[in-house]
Amino acid sequence: MSQSVAPLERSLSRVDRVHPSARVRHFDQLSESAQEYVIAWASDDAVPNVLPEDLRADDVVVFTDYLHVA
Amino acid sequence: MTESYVIIGDGIAGSSAAETLREEAPDADITVITDEGEALYNRILIKEFAKGKLPEAPISIHDESWYDERDVELRLNTHVKNLDPDAHTLETHEEEVIDYDKLLVATGGTPTQLPVDNSDAEGIHHFWTFQDARRIKESAESGEKAVIVGAGLLGIDLAAISGAQDIEAKYLMRGDAWWRYALSVEGAEIMHNAMRDIGVEPVFGSGVDHFETDDDGHVTAAVDPNGDRFECDWAGVAIGLNFNTEILQGTSVKQDGGVVVDQHMQSSVDDIYAAGDLTRFYDTILGEYGQNGSWGSAKEQGTIAAKNMVDPESAEFRWVSSYSITHFDFPFLSFGHPTIGDDEVEKKYSDTEYRRLALKDGKIVGGVLIGDLAPQSAYKRLMKEERVVGDQKEVLMQKKFDPDDLAPTQEQ
């Protein structure tokens, strides 16, 4: 499966509402690489351009905010 | 002859086992039995539903078609009342006898009730199932005051639900700090302040002596051992789990504060395995038996058990668990076994940033990170490698921790 390529500034964004059809996962359910990705994004650190394999477009990740994967 | 695998429990441990069994044994008969009325749902996210932030639909993980597609027989609302390990059979509440070649017990637990008067009153909630979350949400949306009991990882979820639902809540704790077995008072104070910020007031040296009720049997107040009275429209209690091991009574499956299994998830009785919250497993990293109730650990245990049910002793459970709290402006994460060890090191970096590592024989066995979770992967790796680092505490506590800064391990 090919990996998505997501520029840093568009990879994740905070959202207030979640569509009922969204795939929603808590931070604890992510792979280690996806957790590192979220932590880096939340810390404004450099984020890899390649989205981790277990994150896909329109996913929502529950962290300290709800984060939508662009 | 076709192998027959039966799984009791459709939480993440049972479900991951079913998925793995189908991959490893394409022709086997696989049956999943659960006394719940719904298939696997996302237990981690039910707190978000109860907070009123997440709709119900995304909580569901598997619908019944998931089982059909994998040719797994799912039996909802089915209670197993008897198990005969010698005959390799179990009996359901409808007195149906089901044969198995290999059995996985993944029945989890049931919240412990407070041993005080009126603890079963209307409006007193425990928080474990989706149904619990629905009831808590209903109470939170109609009430104004709540009492929370249980100063641990589940209790703080109830506190966060109260905060999100604009409930004025008192969080009654017996000791002087939240999760005092894993955090110092200094570290816990960061969490206390976060609770206060959302309208939840920690009350220390407290607890519950009894609950008061109205004429309809609905809770109206909690009274603590000091005689202080806390009015409430509902109460949330999270003081622990009783493991659902009734079906093992009368069998010789060894239990010791949980179902004892080896690193292959094999119990003391042939062809019976266990996975998930209810296990007391041999932790190959610690070199002793341990317990863990995290989602990731349960999922991995289910997978490992399934592999060994198909091919005995082919896979070993070797896992550093973690559990995060994401209710506040800053994240919190615990990993491994932060409540054990013979040594520790901690550091507070700011009002919202703190770390503590638990060490045993110089090795990291667990820890807590508040604020900055970036070092978690490195700490977990050191733990898994069983590397002796207890003599390098300053390096471990560097704000930007880099494992390359650690002195090389000395050859013994």
In the protein assembly as shown, what % of DSSP beta bridges are antiparallel (nearest 5)?
60 percent
In whole Å, what are the extents of the range B:315-401 along the principal axes defined by its C-alpha atoms, from largest to smallest?
38, 32, 21
Rounded to 5, the percent of DSSP beta bridges in chain B classed as antiparallel
55 percent
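Just from its helices, what would the mean residue ellipticity at 222 nm be for chain A, if runs of 4 or more DSSP H residues each count -39500 (n - 2.57) and the sum is divided by every residue, rounded to the nearest 500 deg cm²/dmol? Spell out each step's value before the answer.
On the way: 2 runs with 15 residues, N = 70.
Only helices count here, giving -5500 deg cm²/dmol.
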Karplus-derived 3J(HN,Hα) from phi for the range B:349-358 (6.51 cos²θ - 1.76 cosθ + 1.60, θ = phi - 60°), whole Hz, x at Gly and Pro, runs 9, 6, 5, 10, 9, 7, 9, 9, 10, 9
Residues meeting the amide H criterion for residue B:3 (H placed from the backbone, H to H distance under 5 Å, 5 or more places apart or on another chain) are B:29
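Taking the alpha carbon gyration tensor of the range B:1-151, what are the square roots of 5 times its eigenvalues, largest first, to the nearest whole Å? Please list the in-between numbers first.
Numbers: eigenvalues 231, 75, 25 Å².
Result for the range B:1-151: semi-axes of 34, 19, 11 Å.
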So what is the relative contact order of chain B, in percent, for Cα pairs below 8 Å that sit 6 or more residues apart?
14 percent
Starting from the amide H of residue B:220, placed 1.01 Å from N in the peptide plane, find each other amide H under 5 Å away whose residue is 5 or more places distant or on another chain.
B:212, B:213, B:214
Take every residue in peptide B:365-373, count the Cβ atoms of other chains within 10 Å of its Cβ, and give the average of those counts.
1
Under 16 Å from a label point 7 Å along Cα→Cβ of residue B:246: give me every residue in the range B:113-155 with its amide N that close.
B:113
In vacuo Debye scattering of the range B:343-385, one point per C-alpha: log10 I(q)/I(0) at q = 0.17, 0.25 Å⁻¹?
-0.44, -0.85
How long is the gain from residue B:218 to residue B:176 if the chain were fully straight, where each residue apart is worth 0.36 nm and the alpha carbon distance is subtracted?
12.2 nm
Quick one: B:64, B:95, fewest Cβ neighbours within 10 Å first, how do they rank?
B:95, B:64
Percent relative contact order for chain A, counting Cα pairs under 8 Å at least six residues apart, stands at 48 percent
Tabulate in residue order the Karplus-calculated ³J(HN,Hα) for the range B:108-118, using 6.51 cos²θ - 1.76 cosθ + 1.60 with θ = phi - 60°, rounded to whole Hz; enter x for Gly and Pro.
x, x, 10, x, 6, 8, 5, x, 10, 4, 6
Can you find, among A:18, A:34, A:68, the residue sitting farthest towards the positive end of the charge dipole of the range A:8-69, where Lys and Arg contribute +1 and Asp and Glu -1 at Cβ?
A:18
A student applying the Cα gyration tensor rule (rounded when a/c is under 1.5; otherwise prolate if a/b is larger than b/c, oblate if not) would label the protein assembly as shown rounded
Whole-percent tail of the Cα-Cα distance distribution for the range B:157-225, cut at 18 Å, equals 45 percent
Under the helix-only model (-39500 (n - 2.57) for each DSSP H run of 4 or more, divided by the residues of chain B), the mean residue ellipticity at 222 nm, to 500 deg cm²/dmol, is -6500 deg cm²/dmol
Length gained when the stretch residue B:64-residue B:197 is fully extended (0.36 nm per residue, less Cα-Cα span):
43.7 nm
At a Förster distance of 41 Å, what's the computed FRET efficiency of residue B:288 paired with residue B:406, Cβ-Cβ distance as r, to 0.05?
0.95
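Relative to the compact-globule scaling 2.2 N^0.38 Å, provide the ratio for the alpha-carbon radius of gyration of the range B:113-237.
Numbers: Rg = 13.5 Å, N = 125, 2.2 N^0.38 = 13.8 Å.
This ratio for the range B:113-237 stands at 0.98.
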If all Cα-Cα distances of the range A:8-69 are sorted into 10 Å bins from 0 onward, what percent lands in each bin, rounded to whole numbers?
24, 62, 14, 0
For a Förster distance of 25 Å, can you work out the FRET efficiency between the beta-carbons of residue B:99 and residue B:132, rounded to the nearest 0.05?
0.15
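Calculate the dipole size of chain A relative to its Cα centre from +1 charges on Lys and Arg beta carbons and -1 charges on Asp and Glu beta carbons; express the result in debye to the nearest 20. Before the final figure, lay out the partial values.
Numbers: 6 positive and 12 negative charges, 62 e Å.
In total the dipole reaches around 300 debye.
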What's the magnitude of the charge dipole for the protein assembly as shown around its Cα centre, counting Lys and Arg as +1 and Asp and Glu as -1 at the beta-carbon? Answer in Debye, nearest 20.
1520 debye
What distance in nm separates the simple spin-label points at residue A:31 and residue B:316, each placed 7 Å from Cα in the Cβ direction?
2.4 nm
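Hey, got the dipole for the range B:329-405? About the Cα centre, +1 on K and R Cβ, -1 on D and E Cβ, debye to the nearest 20?
Details: 13 positive and 16 negative charges, 34 e Å.
Its charge dipole is roughly 160 debye.
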With a cut-off of 18 Å, note down the residues of the range B:123-153 whose backbone N falls inside the zone around a label point 7 Å from the Cα of residue B:112 toward its beta carbon.
B:125-129, B:148-153
Dipole of the range B:42-107, positive direction: furthest Cα of B:62, B:77, B:50, with charges on the beta-carbon:
B:50
Using amide H atoms built 1.01 Å from N in the peptide plane, name the residues 5+ places from residue B:175, or on other chains, whose amide H lies under 5 Å from its own.
B:205, B:206
So if I average 1/r over every pair of distinct C-alpha atoms in chain B and take the inverse, what Kirkwood radius in Å does that give?
22.7 Å
Would you work out the relative contact order for the range B:23-175, in percent, from Cα pairs under 8 angstrom that are 6 or more residues apart?
22 percent
When the Karplus curve 6.51 cos²θ - 1.76 cosθ + 1.60 is applied with θ = phi - 60°, which whole-Hz ³J(HN,Hα) does each residue of the range B:209-219 get, with x for Gly and Pro?
8, 6, 9, 9, 10, 8, 5, 8, x, 9, 4
Between residue B:393 and residue A:16, what is the FRET efficiency for a Förster distance of 41 Å, r being their Cβ-Cβ separation, to the nearest 0.05?
0.45
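Laboratory data are not the source of any read-out in this text; all were calculated from the coordinates shown. This structure is a prediction, so every number in the text was calculated from the model and none was measured. Methodologically, a virtual Cβ is constructed for each residue, glycine included, from the backbone with ideal geometry; neighbour enumeration extends over all protein chains shown.
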